[in-house]
1. Sequence-distant or interchain residues sharing an amide H contact under 5 Å with L4, placed H: which?
2. How far apart, in nm, are the 7 Å Cα→Cβ label points at N44 and D71?
3. What is region 1-59 by shape, rounded, prolate or oblate, if you read a ≥ b ≥ c off the alpha carbon gyration tensor as root eigenvalues and call it rounded for a/c under 1.5, prolate for a/b larger than b/c, and oblate otherwise?
4. Can you give the relative contact order of the chain as a percent, counting alpha carbon pairs under 8 Å and 6+ residues apart?
5. Under a point spin-label approximation (7 Å from Cα along Cα-to-Cβ), what is the Y58-K207 distance to one decimal in nm?
6. Rounded, prolate or oblate: which fits region 4-214 when a ≥ b ≥ c are the square roots of the eigenvalues of the alpha-carbon gyration tensor, with rounded for a/c under 1.5 and prolate only if a/b beats b/c?
7. Please report how far the C-alpha centroid of region 180-213 lies from that of region 76-109, rounded to the nearest whole angstrom.
8. For L184 and N140, what does the FRET efficiency come to when R0 = 25 Å and r is the distance between their Cβ atoms, rounded to the nearest 0.05?
Amino acid sequence: MKHLIAPSILSADFANLADDVEMINESSADWFHVDVMDGNFVPNISFGFPVIAAVNHYAKKPLDVHLMIVDPDRYLEDFKKVGAKVLTVHYEACTHLHRTVSKIKELGMKAGVAINPHTPVSVLEDIITDVDLVLIMSVNPGFGGQKFIENTYNKIKALRELCNKHNAEVLIEVDGGVNKHNALALLKAGADVLVAGNAVFSAEDPKHEIAELKKLNIE
Ligand code: DX5
Ligand code: ZN
């Protein structure tokens with residue numbers, strides 16, 4: 001499968017969001033990565049339902065919603081209503097992760113589980129056949145523009161092995177500090193989906209930057 005590119009709108013210009021949504025629509029990006037932060041699970045607050053609904057109204061590609069919030073069970077239906085197609089919760093934020101993942105799928109969304117940099121892939125052993133996607137955080141969640149953590153490569157490889165062992169068809173998404181310098185190595189390690197915020201939106205030509213990430217070829 002050709003890898004997917006998911007620009008993170010956390011780094012978009014919120015005062016001109018329609019322009020950035022349009023840019024992603026016209027680009028070779030596959031998904032919109034939408035970071036929801038509650039000021040509790042992470043030390044930052046991003047945006048909520050009205051903003052996501054507005055983005056969804058103009059977006060011509062699926063919304064990949066990454067919840068960095070405590071107790072996400074309270075809001076799964078609301079995220080469905082505002083247009084989430086992939087809904088990812090944090091392993092660290094869910095006491096009953098199996099129930100949460102099941103509910104997301106019942107609601108008709110793809111279910112993702114995210115793990116923080118300190119959380120080993122091995123904790124996913126008993127849920128791996130139930131999830132559609134695993135998001136490996138390659139920075140500590142909360143902010144865009146942070147430095148990529150090198151141990152991520154080991155985690156991608158470990159996750160790929162875990163998936164193979166269980167015959168699980170899971171997309172491996174990498175989020176944080178991804179740019180054109182590390183993207184190819186991430187794909188070679190086994191990543192399927194690359195999130196990029198700062199690298200895309202700080203570029204002189206964001207659409208070109210997305211195209212550069214998309215055209216990478218691991219063969
Ligand atoms: C960080 C978010 C990321 C962030 C990535 O908590 O989950 O999605 O937007 O941004 P960059 O690519 O700037 O590290
Ligand atoms: Zn994210």
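None of the figures in this text is laboratory data; all of them are computed from the coordinates on show. What you see is a predicted model; the values in this text were computed from it and never measured. Here the Cβ positions follow ideal geometry from the backbone for every residue, glycine too, while neighbour counts run over all protein chains shown.
1. The answer is V193, L194.
2. Rounded to a tenth, the inter-label distance reads 2.5 nm.
3. Values: a/c = 2.22, a/b = 1.39, b/c = 1.60.
Here region 1-59 falls in the oblate category.
4. Values: 441 pairs, mean separation 47.0, N = 219.
Relative CO of the chain lands at 21 percent.
5. Modelled inter-label distance: 1.4 nm.
6. On the way: a/c = 1.58, a/b = 1.15, b/c = 1.38.
The shape class here is oblate.
7. Between the Cα centre of region 180-213 and that of region 76-109, the gap is 26 Å.
8. On the way: r = 24 Å, r/R0 = 0.96.
Working from the Cβ atoms, E equals 0.55.
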